[in-house]
1. Per the Kirkwood definition applied to all pairs of different Cα atoms, how many angstroms is the hydrodynamic radius of segment 54-120?
2. Can you give the charge dipole size of segment 73-120 about its Cα centre, rounded to the nearest 20 debye, using +1 on the beta carbon of Lys and Arg and -1 on the beta carbon of Asp and Glu?
3. Please tell me the relative contact order of the chain in percent, rounded to the nearest whole number, where contacts are Cα pairs under 8 Å and at least six residues apart.
4. Taking the Cβ of I35 as the center, what net charge do the other residues with Cβ under 11 Å away carry, scoring Lys and Arg +1 and Asp and Glu -1?
5. In the chain, what percent of the accessible surface is made up of carbon and sulfur (1.4 Å probe, ligands and nucleic acids excluded)?
6. Students often get this wrong, so try it: which of (1) 1.96; (2) 1.10; (3) 0.96 is Rg/Rh (Cα atoms, Kirkwood Rh) as calculated from the structure shown?
7. Please calculate how many Å² of accessible area the chain carries per residue, with a 1.4 Å probe and no DNA, RNA or ligand atoms counted.
8. Using 18 Å as the Cα-Cα cut-off, could you pick out the over-long pairs in K8/K31; K8/K88; K88/K108; K31/K79; K41/K69; K19/K79?
Amino acid sequence: AGAAFPVKTAQNQIEVGGKTTEFHVSVFADKVLVIISQNGKPGTVTHTQRARGLGGGARTFETRVLLGKRDDIVMVYAKRVAEVVAQKTDKPLILTLCLLDESPEVFKQVMQGLAGVAIW
């Protein structure tokens, strides 16, 4: 079966922590790609999907780093972005994240910027 094309894509750009931050979201037939970058580079690439076999309770996710550094802030972003995506679709998430500031205020602004991407 062929995938539906074109791929649904949307983007947003805002100032976060004094830096231009770009958001690109593409919904493919089998995955969602989210790119968040403050310098035009992809940064760390992660894959996040719902954990299998856990019925009932809280929504849990499995995240693994495909390329780049594995650190706590990357994992927090991957989980939080996956939670946002999971409100709209069960497709796995590929996230590329390149931020120059990892402060809590930047995190809050980034999540608001992501919410401004009108893809759904």
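1. Values: mean 1/r = 0.0757 Å⁻¹.
Kirkwood hydrodynamic radius for segment 54-120: 13.2 Å.
2. Working: 5 positive and 5 negative charges, 39 e Å.
Roughly 180 debye, rounded to the nearest 20.
3. Values: 213 pairs, mean separation 38.6, N = 120.
32 percent.
4. 0
5. Values: 3630 of 6920 Å².
Here carbon and sulfur together make up 52 percent of the probe-accessible area.
6. (3)
7. Details: 6920 Å² over 120 residues.
Roughly 58 Å² per residue, with all protein chains present.
8. Numbers: K8/K31 11 Å; K8/K88 14 Å; K88/K108 20 Å; K31/K79 15 Å; K41/K69 14 Å; K19/K79 23 Å.
In this structure, K88/K108; K19/K79 exceed 18 Å between Cα atoms.
The values are calculated or read from the model by the stated rules, or taken from the named source; none is laboratory data. Note that the coordinates shown come from a computational prediction; the quantities given were computed from them, not determined experimentally. Here Cβ is always computed from backbone atoms with ideal geometry, including for glycine, and neighbour counts include all displayed protein chains. Ligands, DNA and RNA are excluded from the accessible area calculation, which covers all protein heavy atoms including side chains. Shrake-Rupley method; radii C 1.70, N 1.55, O 1.52, S 1.80 Å.
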